[in-house]
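The values are calculated or read from the model by the stated rules, or taken from the named source; none is laboratory data. Note that the structure is a prediction, hence the values are computed from the model and not measured. Cβ placement follows ideal geometry from the backbone for every residue including glycine, while neighbour counts extend to all protein chains displayed.
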């Protein structure tokens, strides 16, 4: 009888960069747990945040779509959506063979389909929430674009740039999506505390996020949720640019459930 090779534990179990506080949490790739949704085949769904967390009014999913996978029925009925391609090659709502950084906003009442015709797994970020109408203003229109083809604008702080992906100053929109990018050494001049909740996905680089006086090392592909009034501050680090995709609710007074 041949001796069996002993099963060794994985090299990392109890150490990770994720964290949780009263009004925030961070999720690193090593914290991910794969799930499924019935609208999708051959797709691993990473539920980064949903209203189950107790304060969120929005969901963000990371979809990992295997070759040949995608929607088996139109997804998202009854909600508004923002979709952002982390990888190139998806067909469907973003167009055929969509480039990386392609994005689309779909108003409430529209569904979407997506497919992966390539031979590799493709990733798609999906933001989903219930639309809050504003009296006297029509529902928003569809918005589509490619972030890498748009011009970012200098922010109020040297070395910080903002790329708005939605016309969020228009009162029809109840949330904003933007990409904030930071040159090495650029910092915000204050700790922010405000009514808007944030959902954040690191697109490149690294830094330190301070959330309610807790410090988190963050880097590409990390996720952060910040509840309303969570004290927050970001220190970009490393030798290159850091950038993140940022959601925040907008143009509403906070009285909707």
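For residue 209, the criteria (1) within 27 Å of residue 22 (Cα to Cα); (2) touching a strand residue (DSSP E or B) at 6+ places or on another chain (Cβ under 8 Å); (3) at pLDDT below 95 hold in every case but one, which is (3). When we screen 15, 26 for residues that are in contact with a strand residue (DSSP E or B) (Cβ under 8 Å, 6 or more places away or on another chain), more than 18 Å from residue 112 (Cα to Cα) and either at pLDDT 95 or above or in a loop (DSSP other than H, G, I, E, B) (or both), the only hit is 26.
Just one of the numbered conditions (1) touching a strand residue (DSSP E or B) at 6+ places or on another chain (Cβ under 8 Å); (2) farther than 28 Å from residue 169 by Cα; (3) in contact (Cβ under 8 Å) with a residue 40 or more places away in the chain is not true of residue 201: (2).
When 51, 9, 67, 38 are checked against the criterion of being modelled with pLDDT of 90 or more and exposed (fewer than 12 other Cβ atoms within 10 Å of the Cβ), a single residue qualifies: 38. Summed over the stretch 235-250, the residues that are under 20 Å from the mean Cα position of the chain (by Cα) and modelled with pLDDT under 95 give a count of 2. Across the stretch 133-183, the number of residues qualifying as assigned to a loop (DSSP other than H, G, I, E, B) and farther than 11 Å from residue 82 by Cα comes to 26. Applying the condition of being touching a strand residue (DSSP E or B) at 6+ places or on another chain (Cβ under 7 Å) and loosely packed, with under 14 Cβ neighbours inside 10 Å to the stretch 147-165 and asking which residue is farthest from residue 127 (Cα to Cα) yields 154. For the stretch 102-115, name all the residues that are surrounded by 16 or more Cβ atoms within 10 Å (Cβ to Cβ) and farther than 19 Å from residue 70 by Cβ. Scanning the stretch 102-115 gives 105, 107, 108.
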